[in-house]
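Q: A single structure is presented below for examination.
The values are calculated or read from the model by the stated rules, or taken from the named source; none is laboratory data. Just so you know, these numbers come straight off a predicted model, no measurement behind them. All Cβ positions, even for glycine, are placed from backbone atoms using ideal geometry, and neighbour counts span all protein chains on display.
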Amino acid sequence: MRRDASSPEAYRADVRSDGAPALVELFEAVRRTVLDEAPDVVEGIRHGMLDYPGLASLAAQKDYVALYVAPAVLEKHRESFPGANTGKSCLRFSKPEQLDRVALRRLLRDVRRYRAATRD
């Protein structure tokens, strides 16, 4: 589900207005973890999702929250999220108990290191 929000605040308001309470809570928990791990990253909107340049993108869908990161890094951390559904570059959380914030912080740290090492 692509949201037509023009700002992070509008995106979050849209999620709160049409999301189930548990999904909104999960979305905010992932968002807080990203911001806690990377307080210097400016939250924006890109491709209809919250964007954290050089780090990740975050989307709230109808039944899950998706976090998109570098595929090469996610591959190394996939086993750290046994309850989450994973794709090539995304983690999909549908239940709060699937979110391991410590593992997520490790993943985000590795994404930052990977992006810094692969910059041209």
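Q: Looking at the stretch 8-29, I want the residues that are free of Cβ contacts under 8 Å to residues at least 60 places away in the same chain and closer than 16 Å to Val42 by Cα and have a partner that is among the aliphatic types (A, V, I, L, M) and buried (at least 16 other Cβ atoms within 10 Å of the Cβ) with Cβ atoms under 6 Å, at least 6 apart or on another chain. Which pairs are those?
A: Pro8/Leu50; Tyr11/Ala5; Tyr11/Leu50
Q: Leu50: of a type in the set (A, V, I, L, M, F, W, C) and either touching a helix residue (DSSP H, G or I) at 6+ places or on another chain (Cβ under 9 Å) or at pLDDT below 95 (or both), yes or no?
A: Yes.
Q: Now, a different point. Please state which one of Ser6, Ser17, Ser57 is among the small types (Gly, Ala, Ser) and modelled with pLDDT of 95 or more.
A: After ruling out the rest, the residue left standing is Ser57.
Q: Continuing with this model, one more query. Do we find that Arg3 is over 25 Å from Glu97 (Cα atoms) and of a type in the set (Lys, Arg) in this structure?
A: yes
Q: Under 8 Å between Cβ atoms, which residue pairs at least 6 apart in sequence (or on different chains) link something in the stretch 95-113 that is surrounded by fewer than 17 Cβ atoms within 10 Å (Cβ to Cβ) with a partner that is assigned to a helix (DSSP H, G or I) and charged (D, E, K, R)?
A: Pro96/Glu25; Arg105/Asp36; Arg105/Glu37; Arg109/Glu37
Q: Kindly evaluate Lys88 against the criterion of being in contact (Cβ under 8 Å) with a residue 60 or more places away in the chain, surrounded by fewer than 14 Cβ atoms within 10 Å (Cβ to Cβ) and not in a helix (DSSP H, G or I).
A: no
Q: Does Ala117 satisfy the condition of being in contact (Cβ under 8 Å) with a residue 24 or more places away in the chain, more than 21 Å from Ala20 (Cβ to Cβ) and either assigned to a helix (DSSP H, G or I) or in contact with a helix residue (DSSP H, G or I) (Cβ under 6 Å, 6 or more places away or on another chain) (or both)?
A: Details: in contact (Cβ under 8 Å) with a residue 24 or more places away in the chain: no; more than 21 Å from Ala20 (Cβ to Cβ): yes; either assigned to a helix (DSSP H, G or I) or in contact with a helix residue (DSSP H, G or I) (Cβ under 6 Å, 6 or more places away or on another chain) (or both): yes.
In short, no.
Q: For the stretch 68-76, state whether one or more residues are of a type in the set (Phe, Trp, Tyr) and touching a residue at least 24 places away in the same chain (Cβ under 8 Å). Break it down stepwise before answering.
A: Initially, the stretch 68-76 is screened for residues of a type in the set (Phe, Trp, Tyr), giving 68.
Still in the list and also touching a residue at least 24 places away in the same chain (Cβ under 8 Å): none.
The answer is no, given that none of the residues of the stretch 68-76 is of a type in the set (Phe, Trp, Tyr) and touching a residue at least 24 places away in the same chain (Cβ under 8 Å).
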